[in-house]
Amino acid sequence: HVYGHITRENIDIEMKYFPPCMQHLHTKLRSTHRLSHYARLYYSLFLKDGGMHLEDAVNYWKEEYSKPHSCSSVCLHNWQSNERKFIYSIRHLYGLEGSQKNYKSPTCNSICMNISSPMYEGGCPFKHFDMNTLKNLLCLSLSDNKVTGLLQTISSDNPQAACAEFFKMLNQNRNDIVINSPLQYYLTMINQM
Ligand code: SF4
């Protein structure tokens, strides 16, 4: 069995093995210090199943949510004024509060569903992002030329197939890969390294 080993300390390096959807959320969180509800939920669960321990999760979110944020509409979410609520909700996702449910990290299908909130900054890049944003994101991992070539062959109608093509460009020995979830992408990727 393969387990992830994401920690608060290694996350900025480990994120190079994340699928584009989660790379995007990490980059977004680092730059804007906030994520909207579903983006935060999906990313938190991905990190949890990717091996991040509760204490690291609390400190990771605290680090970002303690920073000032420019967008007033989500500025209510500020660690200093809501610490108890934040810690409770993280513990809840780890199955330690409330119904103690074991929440699973999202599948590609759940990420590919449209979320109507205008604040939502997540989604599957291969399905929801415009060409330029997708290209910039993929260029975190591949050269400009390779990304341009890839974009000519993939379609937003089948985002998981597009993601598999991207994975294969990073791991040429994995011609059989089928992508089902961000977690499976990450675990397969680190298993190849
Ligand atoms: Fe993420 Fe799945 Fe989209 Fe790949 S296909 S970017 S793993 S949601």
Answer yes or no: is there a residue in the stretch 33-42 that is in a loop (DSSP other than H, G, I, E, B), among the charged types (D, E, K, R) and more than 18 Å from H53 (Cβ to Cβ).
yes
Take R30 and decide whether it is in a loop (DSSP other than H, G, I, E, B) and either among the β-branched types (V, I, T) or more than 16 Å from the ligand (Cβ to nearest atom) (or both).
no
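Between H69, H77, H33, which is at pLDDT below 95, touching a helix residue (DSSP H, G or I) at 6+ places or on another chain (Cβ under 7 Å) and on the phi > 0 side of the Ramachandran plot? Please lay out each step first, then the result.
Numbers: H69 fails: on the phi > 0 side of the Ramachandran plot; H77 fails: on the phi > 0 side of the Ramachandran plot.
Exactly one residue qualifies, and that residue is H33.
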Can you name every residue in the stretch 153-182 that is in a loop (DSSP other than H, G, I, E, B) and near the ligand (Cβ under 10 Å from one of its atoms)?
N158, I179, N180, S181
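Confirm whether I6 is part of a loop (DSSP other than H, G, I, E, B), within 13 Å of the chain's Cα centre (by Cα), touching a residue at least 24 places away in the same chain (Cβ under 8 Å) and within 16 Å of the ligand (Cβ to nearest atom). Reasoning before the result, please.
Working: part of a loop (DSSP other than H, G, I, E, B): yes; within 13 Å of the chain's Cα centre (by Cα): yes; touching a residue at least 24 places away in the same chain (Cβ under 8 Å): yes; within 16 Å of the ligand (Cβ to nearest atom): yes.
Judged against the criteria, I6 is a match.
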Go through (1) away from the ligand (no atom under 14 Å from the Cβ); (2) aliphatic (A, V, I, L, M); (3) in a helix (DSSP H, G or I) one by one and return the number of the condition M119 breaks.
(3)
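The values are calculated or read from the model by the stated rules, or taken from the named source; none is laboratory data. Computed from a prediction, not measured in an experiment: that's the story for all the values here. Using ideal geometry, Cβ is built from the backbone for each residue, glycine included, and neighbour counts are taken over all protein chains shown.
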